[in-house]
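Right, one structure below, let's go through it.
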Amino acid sequence: MAIRAHRLAIAVLLLSPLLHGCGEKEAGTAAHSEETFPVQVMTVQPANMLQTISAVGTVRYRRETPLGFTTAGKVATVRFEEGDFVKRGALLAALDTTSVGADLSVAEAERSRAQSEFERIKQLYAEGWITKARFEAAEAAAKAASARVAQAGFARGTAQLYAPSSGVVLTRNVQPGQVIAAGTPALILGEGDDGFVFRAPVIDRNASRLRVGMAAEISLPALGAAPVTATISEIDGRANQATGAFTVQFSLPASARLKSGQIGTASIRLPAADDGALQIPASAIFGMRANEGLVYIVNAASGRVETRNVAIERITDGFVVITGGLRQGDVLVTSGAEKLRTGAKVRTARAPG
């Protein structure tokens, strides 16, 4: 019995090193076989909020001027049609001057009469035959008659419409023989001397971040694929009451191919927001629900990922605006997250762009 126990003890002593070696080998193999996942990352920083917004608008002449007569009358002639090019000083339209000419003749006759009466009263006043009040009344009548001549002369002189600038007739509202009221726009002239602009509505959130002089690219299909470089020249001081948007005007370089009414898209690169919000690619976020979601952050020391809950403000084209849960300097996984779990080891590469 003692001999059998001694033999069993010897067998255990001989097998122990072998069992111990097998255990170490299995542990080393398990540690060596841990998978490392390739991912793309970006560093979170305010510059990530730089974005390009788009606004659809139209090309317009900088000055599109309504032209009308200062007096009512019958239209005698209209010399141009819509779309016609006119030179500065060209006669565009005219009223029948029969009526205004007669008014001028009547006014001139009345001025002659009043002036003669005044000269007679003036002589009598100097000789003491009439009162000062009578003299002053005659003087006022003579001045009023002269003013009516000037008024009638102005009406006759403005019975013709002349082009204040070279340009294009955009709208023609009258025809020969038509009776038109004073001040009614007869024609609208696009003044070519002041060039073209591009006008587009921009929502208030973005308009408040724009400044005169900022650069933009205007894509106009009528001019081809290449965008036109422009600058912001004006921003409306008041929003459109119906839409709540502000009209932004861009100065366009001179081009013979530009036409009023062409439709295009303005692309404006906006500066980073100063409200603490951060913008991350939509591919970085998962598990989204009401106003929150999850992202993976890489621990630089361990090379492993940890899960972070973030607060979502809004979702834009391809991006998510984050207001909480991220800090500047965090290394965020933007691609490859679908294979990860908390604590997974990763091999990082910088995301393009």
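The values are calculated or read from the model by the stated rules, or taken from the named source; none is laboratory data. Keep in mind that this is a model prediction, so the values were computed, not measured. Here the Cβ positions follow ideal geometry from the backbone for every residue, glycine too, while neighbour counts run over all protein chains shown.
When you look at L294, is it under 30 Å from K339 (Cβ atoms), modelled with pLDDT of 90 or more and either hydrophobic (A, V, I, L, M, F, W, C) or more than 13 Å from the chain's Cα centre (by Cα) (or both), yes or no? Yes: the conditions hold for L294. As for the stretch 323-341, it holds at least one residue that is touching a helix residue (DSSP H, G or I) at 6+ places or on another chain (Cβ under 9 Å), touching a residue at least 12 places away in the same chain (Cβ under 8 Å) and more than 27 Å from E35 (Cα to Cα). Can you spot a residue in the stretch 77-92 that is modelled with pLDDT under 85 and either within 28 Å of Q249 (Cβ to Cβ) or exposed (fewer than 15 other Cβ atoms within 10 Å of the Cβ) (or both)? No, there is no match, as no residue in the stretch 77-92 is modelled with pLDDT under 85 and either within 28 Å of Q249 (Cβ to Cβ) or exposed (fewer than 15 other Cβ atoms within 10 Å of the Cβ) (or both). The set of residues in the stretch 209-246 that are modelled with pLDDT under 85 and closer than 13 Å to I268 by Cβ contains only R209. V305 meets all of the listed conditions (1) over 23 Å from Q45 (Cβ atoms); (2) more than 31 Å from the chain's Cα centre (by Cα) but one, namely (1).
Within the stretch 238-274, the set of residues being more than 24 Å from G190 (Cα to Cα) and assigned to a loop (DSSP other than H, G, I, E, B) comprises R238, A239, Q241, A242, T243, G244, A245, P271, A272, A273, D274.
Give the residue that is surrounded by the fewest Cβ atoms within 10 Å (Cβ to Cβ), with candidates limited to residues of the stretch 110-168 that are among the hydrophobic types (A, V, I, L, M, F, W, C) and part of a loop (DSSP other than H, G, I, E, B). Here the answer is W129.
Looking at the stretch 221-236, is at least one residue exposed (fewer than 14 other Cβ atoms within 10 Å of the Cβ), among the β-branched types (V, I, T) and part of a loop (DSSP other than H, G, I, E, B)? Checking the stretch 221-236: not a single residue is exposed (fewer than 14 other Cβ atoms within 10 Å of the Cβ), among the β-branched types (V, I, T) and part of a loop (DSSP other than H, G, I, E, B).
Which residues, taken from the stretch 77-91, are farther than 16 Å from N173 by Cβ and over 34 Å from the mean Cα position of the chain (by Cα)? Scanning the stretch 77-91 gives G89, A90, L91. Scanning the stretch 333-344 for residues that are surrounded by 15 or more Cβ atoms within 10 Å (Cβ to Cβ) and either modelled with pLDDT under 85 or over 33 Å from the mean Cα position of the chain (by Cα) (or both) gives V333, S335, G336, A337, L340, A344. Residue count for the stretch 184-220 under the criterion of being of a type in the set (A, V, I, L, M), part of a loop (DSSP other than H, G, I, E, B) and touching a Gly at 6+ places or on another chain (Cβ under 9 Å): the result is 2. Identify all residues within the stretch 194-214 that are hydrophobic (A, V, I, L, M, F, W, C) and under 18 Å from S255 (Cα atoms); write none if there are none. Hits for the stretch 194-214 are F196, V197, F198. With the condition kept exactly as written, say whether any residue in the stretch 72-87 is touching a residue at least 12 places away in the same chain (Cβ under 8 Å), among the β-branched types (V, I, T), assigned to a loop (DSSP other than H, G, I, E, B) and out of contact with any Leu (no Cβ under 8 Å at 6 or more places or on another chain). Checked against the condition, which is being touching a residue at least 12 places away in the same chain (Cβ under 8 Å), among the β-branched types (V, I, T), assigned to a loop (DSSP other than H, G, I, E, B) and out of contact with any Leu (no Cβ under 8 Å at 6 or more places or on another chain), the stretch 72-87 yields no hits at all. Just wondering, is there one or more residues in the stretch 308-322 that are modelled with pLDDT of 85 or more and among the hydroxyl-bearing types (S, T, Y)? No.
Flag not set for A301, criterion: crowded, with 16+ Cβ neighbours inside 10 Å and modelled with pLDDT of 85 or more. In the stretch 180-232, the qualifying residues are those that are within 16 Å of the chain's Cα centre (by Cα) and among the small types (G, A, S), and the one that is farthest from K259 (Cα to Cα) is S208.
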